[in-house]
1. What does the charge count near Ser341 come to, summing +1 for each Lys or Arg and -1 for each Asp or Glu among other residues with Cβ under 11 Å from its Cβ?
2. Cβ under 13 Å from Asp90's Cβ, Asp90 left aside: what net charge do those residues give with Lys, Arg +1 and Asp, Glu -1?
3. Ranked from highest to lowest mean number of other Cβ atoms within 10 Å per residue, what is the order of the peptides 12-22, 188-198, 268-278?
4. With charges only on Cβ, +1 for K and R and -1 for D and E, what is the dipole size of the chain about its Cα centre, in debye, rounded to 20?
5. Sort 39-52, 91-104 for me by packing, meaning the mean count of neighbouring Cβ atoms within 10 Å per residue, highest on top.
6. Provide the gained length on full extension for the span Asn380 to Leu43, in nm with one decimal, where the gain is 0.36 nm per separating residue minus the Cα-Cα distance.
7. For the stretch 102-256, what is the percent of antiparallel DSSP beta bridges, rounded to the nearest 5?
8. With an 8 Å cut-off on Cα pairs and a minimum separation of 6 or more residues, tell me the relative contact order of the chain in percent.
Amino acid sequence: MRQNIIKQLDGYDEVLREIETSRRYNIDVTADKGEAASYINRLHPEKLDLKINRIIDQTPSTKTLRLIPVNQNLPPFQAGQYITIYLETDGIRTGRPYSISSAPNQTGYYDITVRRMPNGLASNYLLDAVKPGDLLQSSGPNGHFVYNPIIFDKTLVFIAGGSGITPFMSMIREITDRGLDRDVYLFYGNKSLNNIIFHEELTGLSCQFENIHYIPVIENPDSGYGGISGFITGDIIKNRIKDIRNKTFMLCGPPALYSFCMAELEKIGVPSKKIKQEIYGEPVNIWQSPGWPENVNPDDVFTVTIKGGGSFAARAGDSLLTSLEKFGIIQPFLCRSGECSLCRTKIISGKVYQPPESLVRKSDLQFGYVHSCVSYPLENLEIMI
Ligand code: FES
């Protein structure tokens, strides 16, 4: 019966003929067995060895690191994707995802643009401790915050805050470099004028290309500033784009930008299916997130026991992934935002806090799995990794 079904498959006769020809000419197809795997590995490598070619000052707190490959070609990426930089600092092996800010159409380097974060282990290291010529290791490009020609509109409304500009910079550079038929309205919020990353380039592109509209919004401008000030409100957006229809809205920035701007977009009637949000690394000040229990202080310390592998003390305010790294255990990770699922961990007993935006599959929830990068101990835990 199975044989009969196989014979009915399209191409069955051709495959038989191919096998017969291979036998006749003594072609050993098993010799090519690894070719597909090596091709896939070139396009989607697990790890990349990179050299810092240049460091470009952007703002007082931000630099761009230009990374070139050491002994392989750089795999292609889509504008909006990130790489995770792996590093060891203060005796802790860790890593952080950084969106690639260069355009995908130039293939010689990746730019990542790093802003100093308060107590930022990785950002302090990348801004202070590295120099041109140093080697770094990263993941291959990942992420889903990319233009989808099937479901996105031709007109894009980008809403960025601070270093959340980086994926949009890659997209804008690609649009202008390649002359793509897309219109962009970029609303870019910053605390002050000298915090704006890529300000001169964005101003230049918006003068040169009529499909690029750049609207900086400054929270606390100096006196004499003539532009738009405050936060990026629905009114500011509506005034500029006029009609919300036939537009796709994309957001990237700190957590406060998401909560504020999502509400503003709702006020002006943007349907949620038209809004795409980028993940943005581990949440900061997690204890300020909705639903954090009032009786737990971020400095409370709990004991985490790993089934079959010792125990360690973990701060409530640190993600389980961070605490594991401090304990010297490296779990696989990429996004550190609850999206990629690489850091799945089973909670055998005890309770963790997970912010409302963390994504966990229904089946994971059912069987007690969490993402350690966005899970915070609220009591003593037993876990399995
Ligand atoms: S690192 Fe991606 S879900 Fe945790």
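Computed from the coordinates by the stated procedures, all read-outs in this text should not be read as laboratory data. Being a predicted model, the structure only gives us computed values, none of them experimental. Using ideal geometry, Cβ is built from the backbone for each residue, glycine included, and neighbour counts are taken over all protein chains shown.
1. Summing Lys and Arg as +1 and Asp and Glu as -1 gives 0.
2. Local net charge: -1.
3. Top to bottom by mean Cβ count within 10 Å: 188-198, 268-278, 12-22.
4. 480 debye
5. Per-residue mean Cβ counts within 10 Å order the peptides as 91-104, 39-52.
6. Contour length minus the Cα-Cα distance gives 117.1 nm.
7. Of all bridge pairs located within the stretch 102-256, approximately 0 percent are antiparallel.
8. Result for the chain is 12 percent.
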